[in-house]
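Peer 1: There's a structure below that I have some questions on.
Readers should treat all values here as calculations from the given coordinates under stated rules, not as data from a laboratory. Keep in mind the model is a prediction, meaning the values are calculated, not measured. In this analysis, Cβ positions are derived from the backbone assuming ideal geometry, glycine residues included, and neighbour counts consider all displayed protein chains.
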Amino acid sequence: MGINPVTKDVLNTTGETAVKRALYNIISTRKGERFYRPDLGSDIANYLFEPLDAATASLISQEIEYVIRKYEPRVDLVRVDVDLNYERNGFDVVLAFEIIGVNTDVQVREIDFFLERTR
């Protein structure tokens with residue numbers, strides 16, 4: 001997100017950047033966190049305090065797939081990879097997706113991020 005150099009206003013994001021930000025926001029928002037949309041969000045934060053194992057990684061992957069398919073109609077989800085990261089005590093996540101209605105040289109896009117326990 002940038003700042004307009006003249007007006008100092010926050011710039012709106014569009015296109016691929018907006019979609020990537022929306023995906024991350026949907027995943028990181030807890031259910032009940034948004035006032036007028038209590039169902040929006042995921043239960044991923046609850047899984048982060050479970051054991052760091054393949055079963056928890058699978059649950060996180062399923063939850064990510066569910067919330068993206070439910071709340072983000074602009075994308076066609078191709079793949080969700082959730083890998084254990086013992087050194088950092090969390091999960092490495094890679095999302096591969098296509099933006100519906102956008103034809104470019106790069107059809108499948110990816111975002112990656114790290115999920116860790118926070119209080």
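Peer 1: As a check on your grasp of the helix formula, calculate [θ] at 222 nm for the chain: sum -39500 (n - 2.57) over DSSP H runs of n ≥ 4, divide by the residue count, round to the nearest 500.
Peer 2: Taken over the chain, the calculation gives -9500 deg cm²/dmol.
Peer 1: Any chance you could list the semi-axes, whole Å, largest first, of the equivalent ellipsoid that the Cα gyration tensor gives for region 40-83, using √(5λ)?
Peer 2: They are 21, 12, 5 Å, listed from largest to smallest.
Peer 1: Might you report the magnitude of the Cβ-based charge dipole of region 54-97 about its Cα centre, with Lys and Arg at +1 and Asp and Glu at -1, to the nearest 20 debye?
Peer 2: My answer is approximately 180 debye.
Peer 1: I'd like the antiparallel share, as a percent to the nearest 5, of DSSP beta bridges with both residues in the chain.
Peer 2: 95
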